[in-house]
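What follows is one structure encoded as structure tokens, with my remarks underneath.
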Amino acid sequence: MVMEGCEALPALPDVLVLPGEVVVPSMTWDESRAALEAADCGARQLVAVPGGRLRRGGVATLVEIVQVAHRDVRLVDAQLLGVRRVRIVQVHRGGSFLEVVVSSVPEPDQFPPLEEERLRAVIAACQEEQAELDLDATPAEIIDQLTLLLNPPLSLRMNFKRAILCTPTVEGRLRLLERQVMVGIDPLGHSSERETDVDDEIDGSDEGLPEVVRQAIAREEGLAGDFNESGRSRLIIRYLRELKWEEPPPPQISPPEARHLLDEARRLIDSAHGGHEEAKARILDRVGDWAWERLHDLPPGTVQGMTGILFVGPAGTGKSTLAAIFAAATRRRLERIPMGGIDSVGLAGSDRAFLGSGPGQITRRLAVAATAGFPSSRVALLFDELEKMSRNSAHDPLPVLLALFENSQAGFVDQFLPVPVRTTGLMLLSTANDEGLIPAPLLDRMEIIRVAALTRDEQVAIGRDHTLPRLLRGNESTEQIIHLDPDVIESLVFDFPPSEGMRALEHRLDTVLKRGRRHHMETGRPIRVTVALARAWVGEPVAERHIGFHASSGTPSSRGATLSASSTSTTTNSTARACVCPQPGRGRSSPGGRPARPVHRPRRAPV
């Protein structure tokens with residue numbers, strides 16, 4: 001029995017058809033031939049199911065069916081016309097073929113204004129396909145038409161069509177189509193340039209490129225016609241043309257301009273970060289070396305000594321911020337490479353002989369900077385959390401980093417590209433929480449700048465002058481409705497467990513602001529945040545409020561044996577605990593305040 005609003009139709013497995021599409025599949029399976037014959041004898045409609053355990057398909061009308069006998073095999077060629085999308089409700093066997101119960105998928109007749117504008121932008125980007133579009137159709141029909149008119153690579157075409165067919169909402173299909181047309185990636189996230197874009201890459205200009213690069217591009221263009229090498233050759237050509245291979249020398253500056261650069265760098269450092277005076281002085285020293293090279297017209301890296309700089313310190317103390325400040329002070333573009341679990345393939349790429357090969361992160365970051373107009377001498381690479389790199393012996397990233405830090409002026413060898421990448425003047429920055437986990441050969445090639453843990457007074461100053469203004473930046477309405485008492489930030493630091501960085505305080509301030517915005521939306525009134533209210537909203541345990549015992553008398557005291565990071569190594573928990581101190585001559589103490597039994601150990605016989 002078929003449910004109301006549903007219909008039962010024969011199923012044609014492993015066939016993909018969109019509404020408005022005409023397909024001619026050849027079927028040799030008895031099950032497929034039986035489904036076609038059942039549709040030919042009935043309403044001449046069947047459901048094309050792409051395959052797998054999909055719950056969606058497309059209803060197709062059987063236009064023509066032709067049976068061809070070839071030796072001992074009877075072939076059935078059918079011409080199908082896609083009609084509409086359906087949702088598969090139930091599957092059962094109807095004799096020698098599969099029968100499915102389907103329900104129709106509702107399609108809107110028009111889009112909201114914002115979605116309509118996005119659809120017009122996609123249509124405008126498809127200039128070659130506009131002439132064949134029926135612009136009077138519904139949005140769902142226009143999206144299906146564009147899907148059929150686009151010509152992605154063969155390996156991605158079926159995945160793209162399957163995603164468009166099985167996405168239930170029209171808005172979701174528009175997002176997939178927008179990613180394919182505007183961004184150039186398929187629904188699964190793989191790189192997929194359109195044929196016209198790839199042809200433009202092959203026919204691009206090689207003017208201004210070195211001779212060795214032009215010869216490499218000529219070799220890859222000869223391989224671009226090969227089916228197996230086409231995608232890799234085009235990717236190599238794209239990167240060879242995006243990278244900066246030559247650049248004019250930086251202009252020489254005068255002594256007043258050098259002083260202005262140092263003054264500007266000092267103002268930038270002081271305004272962007274608080275504390276860490278020693279680290280700031282070391283950064284200003286490096287900025288001074290950079291200005292000295294510009295003043296005396298020296299090649300990049302002549303007086304700066306070591307190319308790499310390593311910022312070492314506890315988590316949340318501002319190491320990445322100091323690296324960004326240094327890059328901005330030297331007028332470089334900062335490109336970040338997270339080192340968590342990365343190996344040599346992730347850094348230096350893989351050989352083109354392997355499936356899915358491509359350039360490494362170093363080449364990709366340099367190409368992104370070159371596209372924005374920054375050559376290697378105006379780029380700073382930040383290897384974030386260097387101690388967390390992979391320890392895989394088969395793909396150890398240490399040789400790649402050693403080669404880069406040792407000979408950065410000579411170029412970097414990417415395993416995917418046929419020529420070394422230009423890295424002249426490249427600044428290499430790194431951050432780490434524990435320098436003991438970094439191999440010694442790599443440490444010897446970097447200048448170490450230690451970022452000490454922040455004191456509580458420094459945390460209060462940074463939270464008041466930098467963290468809170470940054471959280472309120474671009475959101476003046478929050479500042480108008482939420483008024484913090486002057487002692488709130490100090491309370492959020494001193495009345496809570498100590499921390500070495502700023503992340504804990506930033507999370508607490510963010511919680512207070514979020515709770516205040518919600519309170520304003522519920523009540524419609526501004527709110528004044530007091531110390532007690534901030535504590536209640538954050539909901540963390542207050543530090544240094546544990547019940548202790550005096551060592552001399554053993555009597556309870558609220559401030560007796562106070563736990564702190566400076567006086568004891570005991571970690572404070574979220575619940576209050578009694579801090580019990582041993583009494584003289586009574587052995588160890590038990591949590592209840594009573595002396596524990598002494599521990600008897602057998603004496604070792606004298607040697």
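The values are calculated or read from the model by the stated rules, or taken from the named source; none is laboratory data. The structure displayed is predicted, hence computed values, not measured ones. Counting neighbours? That spans all protein chains shown, and the Cβs are built from the backbone with ideal geometry, glycine included.
Keeping to the range 463-480, report how many residues are closer than 14 Å to MET502 by Cα and touching a Leu at 6+ places or on another chain (Cβ under 7 Å).
4
Looking at (1) in contact with a helix residue (DSSP H, G or I) (Cβ under 7 Å, 6 or more places away or on another chain); (2) farther than 27 Å from PRO248 by Cβ; (3) of a type in the set (Val, Ile, Thr); (4) not in a strand (DSSP E or B), which one does ILE362 not meet, given that it meets all the others?
It fails just one condition, (2).
Restricting the search to the range 375-408, which residues are of a type in the set (A, V, I, L, M, F, W, C) and without any contact (Cβ under 8 Å) to a residue 60 or more places away in the chain?
First, pick out the residues of the range 375-408 that are of a type in the set (A, V, I, L, M, F, W, C): 379-383, 386, 389, 394, 398, 400-405.
Answer for the range 375-408, where residues must be of a type in the set (A, V, I, L, M, F, W, C) and without any contact (Cβ under 8 Å) to a residue 60 or more places away in the chain: VAL379, ALA380, LEU381, PHE383, MET389, ALA394, LEU398, VAL400, LEU401, LEU402, ALA403, LEU404.
Out of LEU442, LEU417, I need the residue that is under 30 Å from TRP245 (Cα atoms) and outside any loop (DSSP other than H, G, I, E, B). Which one?
Of LEU442, LEU417, the one residue that is under 30 Å from TRP245 (Cα atoms) and outside any loop (DSSP other than H, G, I, E, B) is LEU442.
I need a count of the residues in the range 382-417 that are within 23 Å of the chain's Cα centre (by Cα) and either outside the structural domain of ALA323 (by TED's automatic domain parsing) or among the small types (Gly, Ala, Ser) (or both).
Number satisfying all stated conditions: 1.
For the range 344-368, name all the residues that are surrounded by fewer than 22 Cβ atoms within 10 Å (Cβ to Cβ) and within 17 Å of the chain's Cα centre (by Cα).
Within the range 344-368, GLY346, GLN361, ARG364, ARG365, VAL368 meet the criteria.
Looking at the range 19-72 only, could you name the residues that are in contact with a Pro (Cβ under 8 Å, 6 or more places away or on another chain), modelled with pLDDT under 75 and in a helix (DSSP H, G or I)?
Of everything in the range 19-72, those that are in contact with a Pro (Cβ under 8 Å, 6 or more places away or on another chain), modelled with pLDDT under 75 and in a helix (DSSP H, G or I) turn out to be GLU31, SER32.
Does the range 453-461 contain any residue that is at pLDDT 85 or above, surrounded by fewer than 16 Cβ atoms within 10 Å (Cβ to Cβ) and closer than 25 Å to LEU235 by Cβ?
No, the range 453-461 contains no residue that is at pLDDT 85 or above, surrounded by fewer than 16 Cβ atoms within 10 Å (Cβ to Cβ) and closer than 25 Å to LEU235 by Cβ.
Of everything in the range 251-295, what is β-branched (Val, Ile, Thr) and within 20 Å of ILE449 (Cβ to Cβ)? Give them in sequence order.
Correct list: ILE269, ILE283, VAL287.
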